[in-house]
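Shown next, in structure tokens, is the structure this report addresses.
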Amino acid sequence: MTDILTIARQQVLEEGRGLDQAQALECLSLPDERLEELLALAHEVRMRWCGPEVEVEGIISVKTGGCPEDCHFCSQSGQFSSPVRAAWLDIPSLVEAARETAKTGATEFCIVAAVRGPDQRLMDQVKKGIEAINAEVEIQIACSLGMLTQEQVDALSSWGVHRYNHNLETARSHFPKVVTTHTWEERWDTLQMVREAGMEVCCGGLIGMGETLEQRAEFAAQLAELDPHEVPLNFLNPRPGTPFEEFPLVEGAEALKTIATFRLTLPRTILRYAGGRELTLGDLGTKDGLLGGINAMIVGNYLTTLGRNADKDLDLLTELQMPIKALSQTL
Amino acid sequence: MEKYCEHCGEAGEHAACLRALRLEPPRFCARCRRRMVVQVTPRGWTARCAEHGTLTSA
């Protein structure tokens, strides 16, 4: 039987065809001794099909906590006894956050709300926020507001939102163990509407929620079928008060294998470091991931937790000679 | 006078909570144990206690 990395070199690196589910599982199952080889190939694939640039993004929560959904990893669900209290961000603070983000060289600023889907009050606030940011800050605006109606998709698109994030979170077969208040298919439907409206699709998930390696491979293949513009990859940071609070962190080597495998499954996608990398990978692992398939990152803080110092991440990109993608390249 | 852990809200200081606070804003008022309203921004955070005012990361 031909070695999976030999196959991947030809199929993914040379021909640009991502791994299928069975092949992804083979990569995820490689022994730790072959991690370096796997990362090196994933890096070659990223450089060949995406280039050396790194897309930098900042995110902000405009509506924190009090969410009616029961995503078991999330400290913002109103169904768990999490210490996170509801908060609502005003427009001047939103604009300031966009300005802080742009100062890092970021081209993306994502407005996020902890909701099942936006109500009229939230849509009004987002519209005002987008107008205020566009008047003062040069940055691309993305949104993540949960499940949308067709009218809401059309509204966001008409306001100039260029990318919409809605994570499938995990493999379809594992989703019912993570969320019970809505279905994986409902999320998929929103993503299809977003794409049809002409917005870029941003869709990823969380690794380390009790899924098997088979389900990780399944998730990678399902994302490949969706073919999103961007995949944000989070690693579970177990939150106090949530059903997953006692889950262990993903081991560093396992996280890196996942990054590389997702790159080999999605050779042309923007693969972004999102939450949890600080705990799972630390400083050294962060560098390894950037040399193993990652070509985008959220810099600074997350929605309810803090990230690595943004300057440290930017210094790392300089050290690795990976230029930050310019705004002109994203337009 | 500070009596409560800003991470878990229990009395005293805890090594694990202090470690967690390197990557998290405070959630409980150290003086009265109220849950605070916290806003995280890309480069900082604010935490407001209804009784004791607002803390910031700056």
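The values are calculated or read from the model by the stated rules, or taken from the named source; none is laboratory data. Predicted model only: the values in this text are computed from it and were never measured. Cβ placement follows ideal geometry from the backbone for every residue including glycine, while neighbour counts extend to all protein chains displayed. For accessibility, only protein heavy atoms count, side chains too; no ligands or nucleic acids. Shrake-Rupley method; radii C 1.70, N 1.55, O 1.52, S 1.80 Å.
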Legend entry - Of the trypsin sites (Lys or Arg not before Pro) in chain B, those whose Cβ has at most 12 other Cβ within 10 Å and which sit in DSSP loop: B:Lys3, B:Arg22
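For segment A:250-304, calculate the relative contact order in percent as a whole number, restricting contacts to Cα pairs under 8 Å that are 6 or more residues apart.
With pairs under 8 Å counted, the relative contact order is 47 percent.
Is the shape of segment A:4-50 rounded, prolate or oblate, going by the alpha carbon gyration tensor and its root eigenvalues a ≥ b ≥ c, with a/c under 1.5 for rounded and a/b larger than b/c for prolate? Please report the intermediate quantities before stating the final value.
On the way: a/c = 2.16, a/b = 1.28, b/c = 1.69.
Because a/c hits 1.5 or more and a/b fails to exceed b/c, segment A:4-50 counts as oblate.
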Inset, instruction - Multiply the residue gap between A:Lys128 and A:Glu44 by 0.36 nm, knock off their C-alpha separation, and tell me the result in nm, one decimal place. - result: 26.0 nm
Legend entry - No Cys partner within the rule (Cβ under 4.7 Å), chain A: A:Cys27, A:Cys50, A:Cys67, A:Cys110, A:Cys143, A:Cys202, A:Cys203
Legend entry - Extension gain, A:Glu33 back to A:Gln10 (0.36 nm per residue minus Cα-Cα distance, nm): 6.1 nm
Legend entry - For segment A:1-78: relative contact order, % (alpha-carbon pairs under 8 angstrom, 6 or more apart): 21 percent
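As an exercise, take the mean of 1/r over every pair of distinct alpha carbons in segment A:43-181, invert it, and state the Kirkwood radius in angstroms.
On the way: mean 1/r = 0.0609 Å⁻¹.
One over the average 1/r among Cα pairs gives 16.4 Å for segment A:43-181.
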Legend entry - ³J(HN,Hα) computed for each position of segment B:11-16 - Karplus, 6.51 cos²θ - 1.76 cosθ + 1.60, integer Hz, glycine/proline x: 5, x, 10, 10, 4, 5
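Which three numbers, in whole Å and largest first, are the semi-axes of the equivalent ellipsoid of segment A:126-205 derived from its Cα gyration tensor as √(5λ)?
Numbers: eigenvalues 139, 31, 22 Å².
Working through the eigenvalues yields semi-axes of 26, 12, 10 Å.
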Legend entry - segment A:1-115 - Rg over Rh from alpha carbon coordinates, Kirkwood radius: 1.16
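Count, for each residue of B:16-24, the Cβ atoms from other chains sitting within 10 Å of its Cβ, then give me the mean as a whole number. Provide the component values of the computation, followed by the final result.
Numbers: counts 0, 1, 0, 0, 4, 1, 2, 10, 10.
Mean inter-chain Cβ contacts per residue within 10 Å come to 3.
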Legend entry - Most fluctuating residue given options B:Ala15, B:Ala30, B:Ala47, as computed from a GNM of chain B linking Cα atoms under 10 Å: B:Ala15
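With an 8 Å Cα cut-off and a minimum separation of 6 or more residues, compute the relative contact order for chain A in percent.
Working: 645 pairs, mean separation 83.9, N = 331.
Once normalised by length, the contact order is 25 percent.
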Legend entry - Percent of Cα pairs exceeding the 34 Å cut-off, where the set is chain A: 18 percent
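With a sphere of radius 12 Å drawn around the Cβ of A:Trp188, what net charge do the other residues whose Cβ falls strictly inside it have (Lys, Arg +1; Asp, Glu -1)? Don't skip to the end; give the middle numbers.
Working: positive: A:Arg172, A:Arg187, A:Arg195; negative: A:Glu169, A:Glu185, A:Glu186, A:Asp189, A:Glu225.
Here the count lands on -2.
Got a number for carbon plus sulfur as a percent of the protein assembly as shown's accessible area, 1.4 Å probe? Intermediate values should be presented prior to the final figure.
Details: 7870 of 15970 Å².
Carbon and sulfur atoms account for 49 percent of the accessible area of the protein assembly as shown.
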Legend entry - Projected-area average for segment A:175-331 over all orientations - Cα convex hull basis, square nanometres: 9.9 nm²
Inset, instruction - Calculate the mean, over all residues of peptide A:302-312, of how many other protein chain Cβ atoms lie within 10 angstrom of the residue's Cβ. - result: 3
Inset, instruction - Could you calculate the contour length gain from A:Ile91 to A:Ala22, that is, 0.36 nm times the residue separation minus the distance between their Cα atoms, to one decimal place in nm? - result: 20.1 nm
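Find the accessible area per residue for segment A:1-53; the probe is 1.4 Å, ligands and nucleic acids are left out, and the unit is Å². The partial results should precede the final answer.
Numbers: 2770 Å² over 53 residues.
Here the per-residue accessible area is 52 Å².
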Inset, instruction - DSSP loop (so not H, G, I, E, B), at most 16 other Cβ within 10 Å: list which trypsin sites (Lys or Arg not before Pro) in segment A:104-161 pass both filters. - result: A:Arg116
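Summarise the partner chain shielding of A:292-300 as one whole number: the mean count of Cβ atoms from other chains within 10 Å of each residue's Cβ. Don't skip to the answer; put the middle values down first.
Numbers: counts 0, 0, 0, 0, 0, 0, 1, 2, 5.
Across A:292-300, the average partner-chain Cβ count within 10 Å equals 1.
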Inset, instruction - Label segment B:1-46 by shape, choosing from rounded, prolate and oblate, from the square roots a ≥ b ≥ c of the eigenvalues of the Cα gyration tensor; if a/c is under 1.5 it is rounded, and otherwise prolate applies when a/b is larger than b/c, oblate when it is not. - result: oblate
Inset, instruction - Please go through the residue pairs A:Lys177/A:Lys325; A:Lys63/A:Lys103; A:Lys177/B:Lys3; A:Lys127/A:Lys287 and name each one whose alpha carbons sit more than 27 Å apart in this structure. - result: A:Lys177/A:Lys325; A:Lys177/B:Lys3; A:Lys127/A:Lys287
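Label segment A:210-296 by shape, choosing from rounded, prolate and oblate, from the square roots a ≥ b ≥ c of the eigenvalues of the Cα gyration tensor; if a/c is under 1.5 it is rounded, and otherwise prolate applies when a/b is larger than b/c, oblate when it is not.
Working: a/c = 1.85, a/b = 1.30, b/c = 1.43.
Oblate shape, in that a/c is at least 1.5 and b/c is the bigger or equal ratio.
Protein chains only, probe 1.4 Å: how do B:Cys32, A:Cys67 rank by accessible area, largest first? Walk me through the numbers before you get to the answer.
On the way: B:Cys32 40, A:Cys67 15 Å².
Most to least solvent-accessible, the answer reads B:Cys32, A:Cys67.
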Inset, instruction - List the residues of segment B:28-47 whose accessible area drops by at least 50 Å² when all protein chains are present, compared with their chain alone, using a 1.4 Å probe and counting only protein heavy atoms. - result: B:Arg35, B:Val37, B:Gln39, B:Val40, B:Pro42, B:Arg43
